[in-house]
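Everything on this sheet refers to the single structure shown next.
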Amino acid sequence: MNWNEKDGVPWLEADLAGRARVVFSTRDGGGSEGPFRSLNLGILTDDDRGNVLENRLTLSAAVGFDPERVSMGRQIHGAGLSRAGTEIPGAWSHPGPDPPAEADGQLTDEELRPLLVLVADCLPVALLGERGLAMLHCGWRGLAAGIINAATAEIGGVAAAIGPGIGPCCFEVGPEVEESFGNLGPDLMQGRNLDLPEVTRRLLARSGVEAVESAGICTFCDERFFSHRRDQGRTGRQAGIAWLNG
């Protein structure tokens, strides 16, 4: 992965087999203030709505994707997937009163159709397949519910990029979370801390996806990112965005 920046907006970028572009935003480069400083993209936070919408357009312009074509869902920490083109138009750039359909993953085989998830410790995971592309919101609940296997089955996954998320240095969990991944082999726990990126990598491998690139950045430790756990729930959201090249 490589760092890029335009007009004061930095992002981390990955390339999936020359067929898809993947972008992971940071908290820098926007207009929000206080705990939401500065590129908060989460409309359901307590941030000013106008700031959030302006931040979304700022990111779209800097990175270079069409804000009117973005596909996103209402994330519920599940394994539900949605096909691009079935959602409410304009959910990213000018959301209306009706929320998007519940889905923690977006799928497409359309070129230049941005798929987007919002995160603040959960992992944004882009998955390229023989039959298209997926962008997934991967918290521990969604991973335990099978979102990786579901998306891989839909598109025939071959390569993936795991973005910044909470790392094993900081993700303390209870026994019920540890037990959810007990069948993935040893060394996923460091004391009471779970290695969520490694959980994701092993689930991808079980689904036949061996070409996996990981950011290796902990959002709790790295203050360039929003972190729900570090900031005790009052924080913004960054994004994972992916699209098939034209």
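Every read-out reported here was derived from the displayed coordinates using simple, explicitly stated rules and does not represent laboratory data. Values in this document were obtained by computation on a predicted structure and should not be read as measured data. Cβ coordinates were reconstructed from backbone atoms using ideal geometry, including for glycine residues, and neighbour counts include every protein chain displayed.
Going by the structure shown, is residue 23 under 15 Å from the mean Cα position of the chain (by Cα) and aliphatic (A, V, I, L, M)? Here the answer is yes, as residue 23 does meet what is asked. For region 185-213, a residue qualifies if it is in a helix (DSSP H, G or I), crowded, with 17+ Cβ neighbours inside 10 Å and not basic (Lys, Arg), and the qualifying residues are 196, 197, 198, 199, 200, 203, 204.
Contact annotation: residue pairs with Cβ atoms under 7 Å, 6 or more positions apart or on different chains, pairing a residue in region 11-37 that is in contact (Cβ under 8 Å) with a residue 60 or more places away in the chain with a partner that is of a type in the set (Gly, Ala, Ser) and surrounded by fewer than 23 Cβ atoms within 10 Å (Cβ to Cβ), are 12/215; 16/159; 17/159; 22/14; 24/215; 27/38; 28/38; 32/38.
Inside region 6-34, residues that are surrounded by fewer than 16 Cβ atoms within 10 Å (Cβ to Cβ) and among the hydrophobic types (A, V, I, L, M, F, W, C) make up a count of 1. Within region 23-56, the set of residues being over 20 Å from residue 244 (Cα atoms) and either aliphatic (A, V, I, L, M) or in contact with a strand residue (DSSP E or B) (Cβ under 7 Å, 6 or more places away or on another chain) (or both) comprises 26, 27, 28, 29, 39, 41, 42, 43, 44, 52, 53. Just checking, how many residues over region 193-246 are in contact (Cβ under 8 Å) with a residue 60 or more places away in the chain and within 15 Å of the chain's Cα centre (by Cα)? Total satisfying the criteria: 19.
Could you please let me know if residue 120 is of a type outside the set (Phe, Trp, Tyr) and surrounded by 24 or more Cβ atoms within 10 Å (Cβ to Cβ)?
Numbers: of a type outside the set (Phe, Trp, Tyr): yes; surrounded by 24 or more Cβ atoms within 10 Å (Cβ to Cβ): yes.
Answer is yes for this residue.
Output the residue which, of all residues in region 132-184 that are of a type in the set (Gly, Ala, Ser) and farther than 27 Å from residue 83 by Cα, is surrounded by the most Cβ atoms within 10 Å (Cβ to Cβ). So the residue we want is 167.
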